[in-house]
Each structure stands twice: as structure tokens, then as C-alpha cells.
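Everything below concerns the one structure shown next.
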């Protein structure tokens, strides 16, 4: 289930790359549509399963409601927009791999908060990830960037927002459930982005293929991928799931290279592998503590 969800996320990134680079879609518009529709569908499913009262319970607690809004804007909207912007200025493979540096920022934050040095495994993981990022963005050439600096910028912002997204909502998730929090978060984020990129201000090529890709991003790359990933946590631990979720950047890279003919040099591939090894090491370290 985790692997299917991860592959759907990876394919979704590649579909978004097609929409941006071949059909001239705007990343902000796609974020608005993706988050709004997925949020509505998630909340509808929660209402059917648990009742409307359960779905709106969080709005009766002002403190939790404010935390939800902050999570929606900085966490969900931040990660969605920065991820798609990284794809728009670069490609799905590098955007996804850069996003997977999120655990590095989590490690640094936790170490600073606890005022203690990271373990040797964590320090080695941080340096390995930084080395991997260097290879990824330069392809081993010190005098040039292998990908757009804007793609690197938005990819790193995506990693930071992933860290926030992972750390901030734990209390809300335990109290109200993942589907409810994610549903409201996506809907709020979609509405927020809608003020900047209204869904009715569409730019791009209006074709059957482009709308099929959009539907795939919304339904399979967002709603279904999220549901089956959450459902998998009933059977395996979160650390095991995070290791298996490395299928996302691997699938994005394979599809980008094989289907979209994106050129990724040897050193860039080596850098991506370093980042994936980092995620695996940190997840393994977490599972043994």
C-alpha cells in the first residue's frame, strides 16, 4: 500500500511536469484546484463515515482552529506550491528528490530544541544529504548548476515545509484524525491560493489530455495516494513507511528519464541516491530508538 501510494505521488509529479511544460498550465492554479477538490472530497468522506458533527468539531475550539489554519497555510499550501514550483522550474525528478531532504531539517530542529548534538548516524546522514544535494544541483561541475537555481530554491523550500508539515500537527492528528485535519487543511490552503490564482482564471492548453492529467493529479496523486498511505500505517510503523516511501522519488526519476526524456547526469543520479540513502538511515535510526 505504501509503495502504491508513493508511486502515485511520483507519477503525479511527472503528470504535473507535463501540464507545466507541455500544456502551459500555471503551478498556482493547479495547487488551487488540487487542494480544493481533494479537501472537499476528503471532508465529504469523513462526514459520510463519522457524521457532520465530527467533521466540524475542530471549529468549536478556537486554539485548535488557529493551529489548523497555520498548518494549512504554512504546511499544506507551502509544501504543495513549493513542490509544484520546483517541478515547473526544473523537473519532477529533482523536485521530488530535493523535497526528500525534509528529514534533514527535522533532525536539525529537534537537535536545537533538545539542545543536544545529533548522533553520529544523524550527523553522517546530514553530511551525506548535503553532498547528495551538491551533486544533484551541479552534476559534479563546480562552475555551473545542472538545474535552474529557482528549481533548487523551491525544492529546498518544499523540504522545509515538509519538516513543518511533519512536526507541527501531531496533536491535531491525534485529536481529530488525519483525514479530517488533511481535508480541512487542503480546503483552507486551496481557498487561500484561490485569492492569488482563482480557479476560473485558467491559462494553458484546454485539451482532453490536459484535463485527464489534471484529474489524475487530483484523484490519484492526492486523494487515493493519501488514503492508502494512511491506511498502511495500521499494518506497519511510520519509520518503515518512510523507508518504503522512497519509491516516490525513484518512480518520478524513472518516469522522467524514460518517458519525458529528461537528462540526468551520472553525478546528479549519484546525488539523488545519497539523499535516498540518508532518508533510509534516518528512518532506520528512528526505528531502533
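The distance between label points at residue 224 and residue 211 comes to 1.9 nm (points 7 Å beyond Cα on the Cα→Cβ vector). Going from the residue with the fewest nearby Cβ atoms within 10 Å to the one with the most, 59, 29 rank 59, 29.
Kindly state, to the nearest 0.05, the FRET efficiency for residue 121 paired with residue 4, given R0 = 35 Å and r defined as their beta-carbon distance. Write down the numbers at each step before the final one.
On the way: r = 29 Å, r/R0 = 0.84.
After rounding to 0.05, the efficiency reads 0.75.
When 100, 109, 176 are arranged by Cβ crowding within 10 Å, least crowded first, meaning fewest neighbours, the order is 109, 176, 100.
Were the residues from residue 60 through residue 203 laid out at 0.36 nm apart, the gain over their Cα-Cα distance would be 47.6 nm. With each label modelled as a point 7 angstrom along the Cα→C-beta vector, the residue 150-residue 69 pair spans 3.1 nm.
May I ask you to sort 205, 197 by Cβ crowding, counting other Cβ atoms within 10 Å and putting the fewest first? Could the numbers behind the result be given before it?
Numbers: 205 11, 197 18.
Arranged by neighbour count, lowest to highest, 205, 197 become 205, 197.
None of the figures in this text is laboratory data; all of them are computed from the coordinates on show. Since this is a predicted model, take the numbers as computed values, not measurements. Every residue, glycine as well, gets a Cβ built from its backbone with ideal geometry; the counts of neighbours run over all protein chains shown.
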